[in-house]
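Report on the following structure.
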Amino acid sequence: MHYYNNSIASTKDQNENQLSSSQLCLKTPRLEIVLLRESDCSFVVSFLQSSGMVYLQGGLLTEQEAHLEFERMLLANTQNSLYCLVVERESKSPIGMVKLYEYLNRSNFYQIGYWTIAERKGRGFAPEAAQAMIAYAFEICKLNRVEAYCRHENLASMRVLFKIGMSLESNSFLFEGKRYYQFAAHNSAKAIAA
């Protein structure tokens with residue numbers, strides 16, 4: 001079960017398909033998920049430069065590139081995306097990130113992404129954070145569908161997506177010369193209401 005802080009101020013404008021949240025704070029039994037802030041810069045820059053991220057980025061980012069990517073994330077949070085820090089509640093330490101964003105600026109086409117630091121992989125934090133963000137997308141933002149993509153060789157991410165109940169929709173999605181699996185989750189509450 002996921003708990004939403006009373007300070008959440010989120011809307012999805014049906015005409016403009018906008019996500020917005022100035023005080024996002026999701027709580028799960030072990031995690032707190034909060035919108036990225038300027039004060040998170042050192043963690044995010046270090047995280048983006050870690051060896052685990054090389055695989056996703058296609059190479060190691062310089063410090064300047066990592067700072068630019070962090071600034072892009074902060075800006076995206078004002079433009080229909082939610083880039084969030086995942087904090088372990090017990091230690092109060094950041095352990096990863098999760099994002100929900102409008103993919104390729106296509107109206108009502110949202111994608112989720114998630115990452116955890118190497119020291120916390122394999123402990124169920126990624127599925128817990130991803131599930132909380134999907135619940136937020138459906139219950140608060142009233143989205144119909146959320147998609148996720150993982151490269152064919154990324155078996156850990158594929159296990160996360162199956163674990164959180166996403167359905168495999170395609171196993172041959174090609175993007176920038178690499179093969180991806182396409183997953184989706186549907187808002188069952190909206191389907192029942194229709």
- [ ] Might you let me know whether region 45-54 holds any residue that is modelled with pLDDT of 90 or more and among the aliphatic types (A, V, I, L, M)?
- [x] yes
TODO: Can you give me the number of residues within region 141-153 that are part of a loop (DSSP other than H, G, I, E, B) and open to solvent by 10 Å² or more (accessible area, probe 1.4 Å)?
DONE: 4
TODO: Answer yes or no as to whether ALA118 is of a type in the set (Gly, Ala, Ser), open to solvent by 30 Å² or more (accessible area, probe 1.4 Å), in contact with a helix residue (DSSP H, G or I) (Cβ under 8 Å, 6 or more places away or on another chain) and under 16 Å from SER46 (Cβ atoms).
DONE: yes
Task: Matching option when the condition is small (Gly, Ala, Ser), more than 16 Å from the chain's Cα centre (by Cα) and modelled with pLDDT of 95 or more, among SER188, SER167 - done: SER167
Open item on the list: Condition first: surrounded by 15 or more Cβ atoms within 10 Å (Cβ to Cβ), of a type in the set (Asp, Glu), outside any helix (DSSP H, G or I) and at pLDDT 80 or above. Can you find one or more residues in region 75-95 that meet it?
Closed with: yes
TODO: Identify the single condition in (1) surrounded by 15 or more Cβ atoms within 10 Å (Cβ to Cβ); (2) without any contact (Cβ under 8 Å) to a residue 40 or more places away in the chain that PHE138 does not satisfy, given that it satisfies every other one.
DONE: (2)
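The values are calculated or read from the model by the stated rules, or taken from the named source; none is laboratory data. Remember, it's a predicted structure, so these values are computed and weren't measured experimentally. Note that we place each Cβ from the backbone using ideal geometry, even for glycine, and neighbour counts take in every protein chain shown. Just the protein is used for accessible areas: all its heavy atoms, side chains included, with ligands, DNA and RNA removed. Shrake-Rupley method; radii C 1.70, N 1.55, O 1.52, S 1.80 Å.
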